[in-house]
1. Report, ordered by the first and then the second residue, all pairs with beta carbons closer than 6 Å, sequence separation of six or more or different chains, a first member in the range 7-30 that is touching a residue at least 12 places away in the same chain (Cβ under 8 Å), and a second member that is among the basic types (Lys, Arg).
2. Restricting to the range 180-213, name every residue that is modelled with pLDDT of 90 or more and closer than 18 Å to Met128 by Cα.
Amino acid sequence: MKNKLLSIGEISKLTKSHINSLKYYEQIGLLEPAYVAPDSGYRYYSFDQKCLIEVIQICIELDIPLKNLTEFMNEDETVNFYEILAHGKEIAEKKLASIQKGLSFIDKLKNNIDATKAFQNEIYTREMPKKYFCVILCRKPIKDIDPFEIVKTVLNLHYDIGEYAELFHFGLVDIGMLSLHSADGVQHFMFTELPEHMVKNTNAMIMEIPAGVYMCTQSEDKQIEQAPQIFSRYLKGKDSFLAIETDIFTGKYKTNKLVNELRVIAMGEDAE
């Protein structure tokens, strides 16, 4: 009988499958040897079993879990190859969408780094788009508030953190403190930036942050309370302005210390 069969080494070479892979297919119940020598335990396979090995290889290529292969096999050991290909296409399309999403994330992150890496320990300008901040009036000293408390406080009150979590990475959204200065005084807020689709149909306090050219500086320390002094030349004669402090992702990222960007822009008539 053995003379009509292929040894495990021969079927391995024929199908370009590693011997350990063939043994694994047997272990999970997909590929039983046609014959196992009782004296030596050597495994032998029929030439026809090459077809099943090729189907297994295609499943691996298509990222179809081998444990699912039995779903495409009938009792008479026929395989519905069309369904395998359709299922593989579905998996491939999901993987492609995931890759495209990852590339988009990389581009956004690189753009953020490009926008901030050239500026350190100096005052510079940045043109910022219009943004929407979910805000809560701050009732304790700013120095006692950390980013985690801001996220937890603001989002727990108004949003599902799970929905927001995907945005909450590497400075892709602004999170921090906001100070609204006017002739009547100053108000401090905790905030998280929201995409426009999350702004609608909410009873949260939403503040529209104007687009424009902001004066900015970076520091590892919180400086929002010193904004009037830091930007005194720019703010001279201006009573109404907005100060925003948020952590940013820089090209050289300290894992134990956030870098903050402080931004200011004149408001109302002072903006002229």
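The values are calculated or read from the model by the stated rules, or taken from the named source; none is laboratory data. Small disclaimer: the values here were computed from a predicted structure and weren't measured. Cβ: placed from backbone, ideal geometry, glycine included. Neighbour counts: every protein chain shown.
1. Listed pairs, sorted by first residue: Ile8/Arg43; Thr15/Lys50.
2. Those that are modelled with pLDDT of 90 or more and closer than 18 Å to Met128 by Cα: Leu180, Met207, Glu208, Ile209, Pro210, Ala211, Gly212, Val213.
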